[in-house]
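Bear in mind these aren't lab numbers, they're just calculated from the coordinates by the rules spelled out. This structure is a prediction, so every number in the text was calculated from the model and none was measured. A quick note on method: Cβ atoms are made from the backbone with ideal geometry, for glycine too, and the neighbour counts reach across all protein chains shown.
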Amino acid sequence: MSAAPAGRGAPNDASWGRARKRAALVFALAATVSAATLASSAATDAKGVRPSATASNSSPYNITTKFALAAAEMPVYRGPSTRSPVLKKLAYYTPDNEALQTYRFVSSRRVGRTQWERIDVPMRPNGQTGWVKRSWLGATRVSHTLIIVDIAAETLTLYNRGKVEFTAPVGTGAPGTPTPTGRYWIAEAFPSSSPFYGPWAFGTTDYATDTEFPDGSIVGIHGTDQPQLIPGDPSHGCIRLKDQDILKLKPLVSIGTPVWIQ
Amino acid sequence: MATAARSHVSIKRCGTKYTPACTVPKIKPKPPSPACVSAGTRYAVPAITITSNAGIRRILVTDAPKLVRRITFSGSGPTQFALKGLGVSTVGLTAGGHLIIVKVTDVKGKSASKTLRFSVCVSTPVFTG
């Protein structure tokens, strides 16, 4: 995995020497990566590990996220080695079979002749990462959009390449079943047949504190049949929008879009 | 059933003293969309590029066990073929994951297969609400 273009926002004075340019680019990349605090566990924690998501320093919300589907049902290891403990297996489908499972790249490392990728693994507890061989994943996909859910302000904002594209009031988790905060992504998108979820629903990789639903208890972003409760904190962990707002959000968001709940 | 690229000359493209070794056919689909497909609609199968240095004899596409498409080439067959515009009806398909299997056989009898996956939308999500 290679990082997104590092040149964006970096000094580009033609009179600079090649070495100074390179140093400036490296500095700009490092600065933007740290400033944006990217994926939940995207920190470069070891030698030789390169981040797979980057941000432009023009906006902290101008981020590029890379992800892929599983190409094989192979193990996800805790470290970049087949001798490392197994965290989970790569899955072709999401737990509820609602979509093909996506995995977000965190960083990469070459060990011998093998390219290893550190990926975010959707599972309980939230925020787990593991390592897989690059060949076990499919083609790299890219997302330039970002959803920020501000629980305190009870708003959802969609950024596209750092620019606000959509914002709406939301209902989030009630005090007894709060919406777990963190860095997740959209894993599913589908029409809902239940008025409770409104006309459209997105599934995230965030697992709720409410485990009433044994098959998943996934935090969704969906419409509602109780719009009078929005904004507020009426849900079991899901993020509810008014039906007209979820329908506006529907064409703007695709699977892979990061969701930062804060 | 479709027949294409009729040729009267049998070309030995591989496996001779003067040609490279014959390899198994390669099947390269475009990445599928991870999003589910609504029931009662049509799933557009991603374009698939098939290559074979010996020449392609037969392509079978199945939505197990239903046959979706069968293409047979006579003569030496093409070395490359792009399979586009394939669709699978989701009428009657259960919600959840489904497979499409592409099997290619070359003129030497070597075959390869690739499994493509898609999902039919589940009407009742397991969200916490």
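Under 5 Å between amide H atoms, partner at least 5 residues away or on a different chain: which partners does A:Ala189 have, H built in plane at 1.01 Å?
A:Gly203, B:Cys36
Can you list the residues, at least 5 places off or on another chain, whose amide H is less than 5 Å from the amide H of A:Trp200, using H built in the peptide plane?
A:Ser192, A:Gly223
What pairs in A:Lys250/B:Lys114; A:Lys242/B:Lys30; B:Lys12/B:Lys114; B:Lys66/B:Lys110; A:Lys88/A:Lys242 have C-alpha atoms more than 29 Å from each other? Please list the in-between numbers first.
Values: A:Lys250/B:Lys114 32 Å; A:Lys242/B:Lys30 36 Å; B:Lys12/B:Lys114 26 Å; B:Lys66/B:Lys110 23 Å; A:Lys88/A:Lys242 36 Å.
Result: A:Lys250/B:Lys114; A:Lys242/B:Lys30; A:Lys88/A:Lys242 exceed 29 Å.
Sorting A:Ser107, A:Ser217, A:Ser135 on the 10 Å Cβ count, fewest up front, what's the list?
Working: A:Ser107 27, A:Ser217 23, A:Ser135 12.
Least to most surrounded, the residues fall as A:Ser135, A:Ser217, A:Ser107.
Where q = 0.16, 0.22, 0.23 Å⁻¹, what log10 of I(q)/I(0) comes from the Debye formula for the range A:145-261, counting one point per Cα?
Those come out to -0.64, -1.31, -1.46, one per q.
So what are the three principal axis dimensions of the range B:19-120 from its Cα atoms, in whole Å, longest to shortest?
Projected onto the principal axes, the Cα atoms of the range B:19-120 cover 48, 22, 18 Å.
Give the order of B:Lys17, A:Lys133, A:Lys89 when sorted by the count of other beta carbons within 10 angstrom, beginning with the fewest. Could the numbers behind the result be given before it?
On the way: B:Lys17 4, A:Lys133 18, A:Lys89 13.
Ascending number of Cβ neighbours within 10 Å: B:Lys17, A:Lys89, A:Lys133.
Taking the number of other C-beta atoms within 10 Å as the exposure measure, put A:His236, A:His144, A:His222 in order starting with the fewest. The partial results should precede the final answer.
Values: A:His236 20, A:His144 15, A:His222 25.
Exposure proxy ranking, most exposed first: A:His144, A:His236, A:His222.
List, in order, the whole-Hz ³J(HN,Hα) value for each residue of the range A:66-73 obtained from phi through the Karplus relation with A = 6.51, B = -1.76, C = 1.60 and θ = phi - 60°; use x for Gly and Pro.
Whole-Hz 3J(HN,Hα) from phi for the range A:66-73: 10, 8, 7, 8, 6, 9, 7, 7.
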